[in-house]
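Novice: Below: one structure in structure tokens.
Computed from the coordinates by the stated procedures, all read-outs in this text should not be read as laboratory data. The structure displayed is predicted, hence computed values, not measured ones. All Cβ positions, glycine included, derive from the backbone under ideal geometry; neighbour counts span all protein chains shown.
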Amino acid sequence: MVAETLSAPVAEPVPSWVYPPGGFTAEKFLKLKGLPKHTQLIDGSLVFVSPQQLWHSKVIELLVRELDRQAPEHLRAVREMAVRLGDRQVPEPDVAVITAEAYERNRKATHFFGDDVVLAVEVVSPDSVERDRDTKPHKYALAGIEHFWRIEDDGGQPVVYTYALVASIQEYRLTGIHRDQLQDKVPYDIEIDLTKVGARPPR
């Protein structure tokens with residue numbers, strides 16, 4: 001038997017604009033046209049994401065629907081909208097609870113600001129583990145976002161880790177781990193049946 005020799009993959013040339021000297025500012029990033037969907041800016045560098053898995057999309061759909069349905073009048077829930085946190089930081093939470101004022105501010109808006117966000121949620125994907133567990137919550141805490149949730153996949157069922165900001169040290173502390181049912185009092189009274197991921201909403 002003759003062993004087959006596999007050639008190494010050849011990387012396509014990367015356009016020079018992808019890595020400008022000193023990186024991108026948020027202002028320049030938000031003016032870029034033609035970027036792949038859900039591109040984010042972290043520490044002045046572009047972050048590209050893989051195509052979304054169906055489970056990931058189902059979890060986002062459930063959270064947005066229930067968070068928005070249960071929100072008080074002054075808050076709304078949105079999915080996958082960029083948030084400008086600073087001069088070199090424009091992440092895109094999978095779900096965010098924002099003020100109703102920000103929601104109604106401009107129907108053509110492409111991003112919100114850190115002060116608009118009450119809760120940021122990240123649903124962990126295979127290519128985003130480090131970002132969702134470490135990098136992005138650190139950025140959210142520094143920006144003063146009061147609440148953060150991280151959702152992990154446990155055999156197809158979501159596990160929600162809830163965090164609250166300790167403002168004096170600009171870090172989050174774990175407040176709960178939720179399986180099957182998510183019940184919390186902050187940022188408002190919330191009750192979500194996590195076993196309903198992928199189920200049709202009631203008509």
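Novice: Hey, in the GNM for the chain with a 10 angstrom Cα cutoff, which one of Arg84, Arg131, Arg150 fluctuates hardest?
Specialist: Arg131
Novice: Amide H neighbours of Ser128 under 5 Å, counting only residues 5+ apart in sequence or on other chains, H built in-plane at 1.01 Å?
Specialist: Amide H neighbours of Ser128, under 5 Å, 5+ apart: none.
Novice: Please report the projected area of the stretch 104-170's Cα convex hull averaged over all directions, in nm². Could you put the intermediate results ahead of the total?
Specialist: On the way: hull surface 22.8 nm².
One quarter of the hull surface, i.e. the mean projection, equals 5.7 nm².
Novice: Let me ask you something else. State the answer as a single residue: which of Pro158, Val186, Thr25 lies farthest towards the positive end of the charge dipole of the chain, with beta carbon charges of +1 for Lys and Arg and -1 for Asp and Glu, about the Cα centre.
Specialist: Among Pro158, Val186, Thr25, the one farthest towards the positive end of the dipole of the chain is Thr25.
Novice: Expressed as a rounded percentage, what relative contact order does the chain have, with Cα pairs under 8 Å and six or more residues apart? Walk me through the intermediate numbers first.
Specialist: Values: 339 pairs, mean separation 29.6, N = 203.
About 15 percent, as a whole number.
Novice: Going 7 Å from the Cα of Glu130 toward and past its Cβ, which residues in the stretch 24-68 have a backbone nitrogen under 20 Å from where you end up?
Specialist: 24, 39-51
Novice: Given 25 °C and 0.890 mPa s, compute D for the chain with the Stokes-Einstein relation, Rh being the Kirkwood radius over Cα pairs; round to the nearest whole µm²/s.
Specialist: Working: Rh = 18.3 Å.
Estimated via Stokes-Einstein, D reaches 134 µm²/s.
Novice: Hey, what angle do you get for helix 54-70 against the long axis of the chain, alpha-carbon based, 0 to 90 degrees rounded to 10?
Specialist: 30 degrees
Novice: Taking every DSSP beta bridge with both residues inside the chain, roughly what % is antiparallel (nearest 5)?
Specialist: Values: 34 of 42 bridges.
About 80 percent, rounded to the nearest 5.
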